[in-house]
1. Considering only segment 64-90, state which residues are modelled with pLDDT of 85 or more and in a loop (DSSP other than H, G, I, E, B).
2. Look at Val14 and say whether it is surrounded by fewer than 21 Cβ atoms within 10 Å (Cβ to Cβ), at pLDDT 80 or above and touching a helix residue (DSSP H, G or I) at 6+ places or on another chain (Cβ under 8 Å).
3. Any idea how many residues of segment 85-101 are open to solvent by 10 Å² or more (accessible area, probe 1.4 Å) and within 11 Å of the chain's Cα centre (by Cα)?
4. Being over 18 Å from the mean Cα position of the chain (by Cα) and aliphatic (A, V, I, L, M): is that true of Ile167 here?
5. Could you list all residues from segment 181-201 that are among the aliphatic types (A, V, I, L, M) and open to solvent by less than 70 Å² (accessible area, probe 1.4 Å)?
Amino acid sequence: TTFGNAPSAPYTPVIPASGPVGLGPGLSIAIDNTLGSFSPYQGRVYFAMTAGTTADPDVAVMYSDDVSPSGFGNNFSSLITVNDDFNDNFSEGNRPQFMPTIAVDQTTGTVGMMYYDGRWDASRTRVANSFSASIDGGDTWSPSILLNTAKTAVDAITGKTVFIEPIPGNQGAVGGALNLGFGDRQGLVMNAGQVVPVFASNDK
């Protein structure tokens, strides 16, 4: 299922990780306008959204190759889950991922998705930001990488620096007159192999 909520915040349902703004549908659209032979998926339209259930929201993508100015598209792929917490061996695969932002590198045809990722917090309250990429037109996705500052420690025995967790953000702690947390959209730009993510966080 997808979250078909109202087009503007605040949304329902509200979960701890979403803050007072609520869990929106998170719809994001990107088009592969790659020229030349770099992308066999030229013209493909990608639709990223928040899917799953309130207890376990995921980020997912579907695509269509027959969208035109005169029609919305008659054929769509199945819904493909992008977040990979189901096999991370520590989060049980049931923590929230939401608000995806999708983009296409028009030089290489690589598709990228950024999203809020709650897998690191057992209380399902704080979220980091993850990014995954696809080079086969959205059918499969790379393991997610973190965009947040890493919290590290030095192993007293080996002397090596050890990754503990990302420094997450906490929407519920934002407050303010409107109390809309981090808002309801992010930004993602990809070009010539470079990725520029734009997101809100408060390192709480």
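1. Answer for segment 64-90, where residues must be modelled with pLDDT of 85 or more and in a loop (DSSP other than H, G, I, E, B): Asp65, Phe76, Ser77, Ser78, Leu79, Val82, Asn83, Asp84.
2. When the stated conditions are applied, Val14 passes them.
3. The total comes to 2.
4. No; evaluated as a whole, the condition is false for this residue.
5. Hits for segment 181-201 are Leu188, Met190, Ala192, Val195, Ala200.
Each row is one residue, and each column tells you yes or no for (1) surrounded by fewer than 16 Cβ atoms within 10 Å (Cβ to Cβ); (2) under 28 Å from Tyr11 (Cα atoms); (3) under 12 Å from the mean Cα position of the chain (by Cα).
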{"position": "Asn33", "(1), (2), (3)": "yes, no, no"}
{"position": "Ser39", "(1), (2), (3)": "no, no, no"}
{"position": "Thr54", "(1), (2), (3)": "yes, yes, no"}
{"position": "Phe76", "(1), (2), (3)": "yes, yes, no"}
{"position": "Gly109", "(1), (2), (3)": "no, no, no"}
{"position": "Asp117", "(1), (2), (3)": "no, yes, yes"}
{"position": "Ser134", "(1), (2), (3)": "no, no, no"}
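The values are calculated or read from the model by the stated rules, or taken from the named source; none is laboratory data. Quantities reported herein were computed from a predicted structural model and do not represent experimental measurements. FYI the Cβ positions are ideal-geometry reconstructions off the backbone, even for glycines, and counts take in every protein chain you see. In case anyone asks, the SASA skips ligands and DNA or RNA and just uses the protein heavy atoms, side chains included. Shrake-Rupley method; radii C 1.70, N 1.55, O 1.52, S 1.80 Å.
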